[in-house]
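Novice: Quick one: structure below, then a few questions.
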Amino acid sequence: MKRVVAVLVGLTLAGVAVSADPAPTTPAAPPVAPAAPAVTSASPPAAAAVTAPEKAVAYRQAEMSLIGKHMKATRMILSGEVARPQDLVRHAEGIHAGSMDLAALFPDGTGPAKTKTEAKAEIWSKHADFEVAVKNFQDASAKLVEVAKTGDLVATKAQLDKVGETCGGCHDTFKIKD
Amino acid sequence: MEPAAEVLAGDPARGEVIAGLGACGACHTAEGGEPFAGGYGIETKFGTFFAPNITPDATTGIGGWSYDDFVHALRDGRSPRGRPYVAAFPYAAYTRMSDADLADLWAYLRGVAPVEAVERANEVRWPYDTRFATAAWRTFEFRREPPAEDRGEYLATGPGHCGECHTPRNAIGGLRARREFQGADDPPEPSPDLTAIIGEGWSQSDVVELLTSGMAPDGDMIGGVMRGLVVDGTSRLSVSDREALAAYVLSRAPNRHAKPDAEPPSDGEDW
């Protein structure tokens, strides 16, 4: 198959917009102005008026990748490969943080008809279902943070599996495999 | 139906894992449909095949079958009335299943909820709808093979039939052995090229992890048919079975950039 990575590896659901603003065509608010040094003449980086679809995809792939890295790290700790239980809460929080604005990373115009992405058209055609899938991920990852804080590794592992189910369940329907 | 005439020692719980490993439901369950009640249209270049109802419903399913009928279907690829099955049903792989696994699978399928669902006729394009096409396929492509001795090879080539999805097919639907595991676009969904994926540097433990939790080395969670196969099948195999399966797949899809497996977990002093 053309792309190796495909099903298994591709992290990428596809993804996009830098701003949470659902309407990507509106000029994004400039990124937080540099706080202190108003002194210098350096102006803040100009925000692109419109996020290019391929940039949007690259960004959401990066976001998905971050979630995946935290998942991987959590799995490595819980399977006993590395002795870093003190990192579990941080990774769980990373996963949960990544879940919160996930749906906004898929603005109109960043589907497979418009650009190269592993996001399926169903994200837009069945958007309500997609939002439910994202919500499931948010709930499961919130619980993961909670459970990780108790220090109960067995329960954390069980919850990690639940989080994984929400990832895979969403990928079933909304991610292209090739 | 012969009521309780079954003298088989099949274990339905083990059979459920076999069914998961074989992803029977990927074809025999329609989207949103009752498990194993058939009806899913498998679209191929040869036409659309509707996987039959394999629930134990007496009239529309396989409730009227004997165990012999079942074995005949899986090992010979023929219906109880002797009709050869089309190649969309990957029975060449099932000839490589052990007696014990067939008995377990049968025990499990006997126990699933019977569903009344009439089988749809296949819509096959000429000339593939002719008996000559089926005969040609059976002559040139269908081989009965004994179950493999190596456990990993057995799981991969028999009940798991990995190659039926991951190996591309030739013009008459036969698997192209020289391109084993190089991925295919066929239903139930396109499958990736395992040789390329593994070439990215997967280790044995990476493959085992995928078969256990569905997680790829980069933390991605797989979806689709393979996810179901992991959840219902490979994750419920023994650890040694998963390791054997992973070793076999790696041996057939060599990893030229193999990274050594991490040292076995020590006391953590490496950190």
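Every read-out reported here was derived from the displayed coordinates using simple, explicitly stated rules and does not represent laboratory data. Remember, predicted model here, so these are calculated numbers, not experimental data. Every residue, glycine as well, gets a Cβ built from its backbone with ideal geometry; the counts of neighbours run over all protein chains shown.
Novice: Between the helical axis of B:99-111 and the dominant principal axis of chain B, each derived from Cα atoms, what acute angle in degrees is found, rounded to the nearest 10?
Specialist: So the inclination is approximately 70 degrees.
Novice: I would also like to ask the following. Return the average number of partner chain Cβ atoms within 10 angstrom of each residue Cβ along peptide A:70-82.
Specialist: Going residue by residue through A:70-82 and averaging, the value is 4.
Novice: Go ahead and run the numbers for FRET between B:ALA100 and A:HIS127, Cβ-Cβ distance against an R0 of 56 Å, rounding to 0.05.
Specialist: Taking R0 as 56 Å, the efficiency between B:ALA100 and A:HIS127 is 0.70.
Novice: Continuing with the same structure: Check cross-link reach from A:LYS55 to the lysines: straight Cα distance under 26 Å, and skip same-chain residues fewer than eight apart.
Specialist: Straight-distance partners of A:LYS55: A:LYS2, A:LYS69, A:LYS72, A:LYS114, A:LYS116, A:LYS120, A:LYS126, A:LYS135, A:LYS175, A:LYS177.
Novice: At 222 nm, what helix-only mean residue ellipticity would chain B give, in deg cm²/dmol to the nearest 500, using -39500 (n - 2.57) for each DSSP H run of four or more?
Specialist: It comes out at -10500 deg cm²/dmol, rounded to the nearest 500.
Novice: Now for a different question. If you average the alpha carbon positions of the range A:127-178 and of the range B:122-166, how far apart do those two centres end up, in angstrom?
Specialist: 37
Novice: Give the Kirkwood hydrodynamic radius (Å, one decimal) of the range B:111-184, defined as one over the mean of 1/r across all pairs of different Cα atoms.
Specialist: 15.0
Novice: For B:THR29, which sequence-distant residues (separation of 5 or more, or a different chain) have an amide H within less than 5 Å of its own amide H, given hydrogens modelled in the peptide plane?
Specialist: Placed amide hydrogens put B:PHE36, B:GLY38 under 5 Å from B:THR29.
Novice: Express the Stokes-Einstein translational diffusion coefficient of the range B:1-97 in µm² s⁻¹, to the nearest whole number, given a Kirkwood radius over alpha-carbon pairs, 4 °C and a viscosity of 1.567 mPa s.
Specialist: 90
Novice: Quick check: the angle from helix B:204-213's long axis to the longest principal axis of chain B, C-alpha only, nearest 10 degrees?
Specialist: Helix B:204-213 sits roughly 50 degrees off the main axis of chain B.
Novice: Within the P(r) computed for the range B:12-252, what percentage of the Cα pairs occupies the region above 24 Å?
Specialist: Value for the range B:12-252: 44 percent of Cα pairs lie more than 24 Å apart.
Novice: Counting Lys +1, Arg +1, Asp -1, Glu -1, what net charge surrounds B:TYR85 among other residues with beta carbon under 12 Å of its beta carbon?
Specialist: Values: positive: B:ARG75, B:ARG78, B:ARG81, B:ARG83, B:ARG138; negative: B:ASP76.
Result for the neighbourhood of B:TYR85: +4.
Novice: Follow-up question, since we're still on this one. Determine the shielding of peptide B:221-232 by partner chains: average, over its residues, the number of Cβ atoms on other chains within 10 angstrom of each Cβ. Don't jump to the answer; show the numbers that get you there.
Specialist: On the way: counts 15, 12, 14, 8, 3, 5, 8, 2, 0, 2, 4, 0.
Mean partner-chain Cβ count within 10 Å for B:221-232: 6.
Novice: Something else: Just to confirm a number: summing +1 for Lys and Arg and -1 for Asp and Glu over residues other than B:ALA73 whose beta-carbon lies under 12 angstrom from that of B:ALA73, what do you get?
Specialist: +1
Novice: Choose one of B:GLY38, B:THR48, B:ALA103: the residue whose Cα lies farthest towards the positive end of the charge dipole of the range B:1-135 (beta-carbon charges +1 Lys, Arg; -1 Asp, Glu; about the Cα centre).
Specialist: It is B:THR48, whose Cα lies furthest towards the positive end.
Novice: Got a sec? How would B:HIS28, B:HIS72 order by Cβ neighbour count within 10 Å, fewest to most?
Specialist: Ordered by Cβ neighbours within 10 Å, fewest first: B:HIS72, B:HIS28.
Novice: Quick one: Cα centre-to-centre distance for the range A:61-79 and the range B:24-54, in angstrom?
Specialist: If you average the Cα positions of each part, the centres end up 35 Å apart.
Novice: Along Cα→Cβ, 7 Å out, is where each label goes; now give me the distance between the ones at B:ASN170 and B:ALA135 in nm to one decimal.
Specialist: With each label placed 7 Å out from Cα toward Cβ, I get 1.9 nm.
Novice: Roughly what angle does helix B:67-76 make with the longest principal axis of chain B, taking Cα atoms, 0 to 90 degrees, to the nearest 10?
Specialist: With both axes taken from Cα atoms, the answer is about 70 degrees.
Novice: Would you tell me the mean number of C-beta atoms belonging to other protein chains that fall within 10 Å of each C-beta in B:195-202, as a whole number?
Specialist: The mean count of partner-chain Cβ atoms within 10 Å per residue comes to 3.
Novice: Moving to a separate point now. Could you tally the net charge around B:ARG179, taking each other residue with its Cβ under 10 Å from the Cβ of B:ARG179, Lys/Arg +1 and Asp/Glu -1?
Specialist: +1
Novice: I would also like to ask the following. Treating only the Cβ atoms of Lys and Arg (+1) and Asp and Glu (-1) as charged, compute the dipole magnitude of chain B about its Cα centre; round to the nearest 20 debye.
Specialist: Details: 25 positive and 42 negative charges, 293 e Å.
Computed about the Cα centre, the dipole is about 1400 debye.
Novice: List A:LYS116, A:LYS55 from most exposed to least, where exposure is judged by having the fewest other Cβ atoms within 10 Å.
Specialist: If I rank by nearby Cβ atoms, fewest first, I get A:LYS116, A:LYS55.
Novice: Moving on. If each residue's Cβ is checked for other Cβ atoms within 10 Å, how do A:TRP124, B:TRP126 rank with the fewest at the top?
Specialist: B:TRP126, A:TRP124
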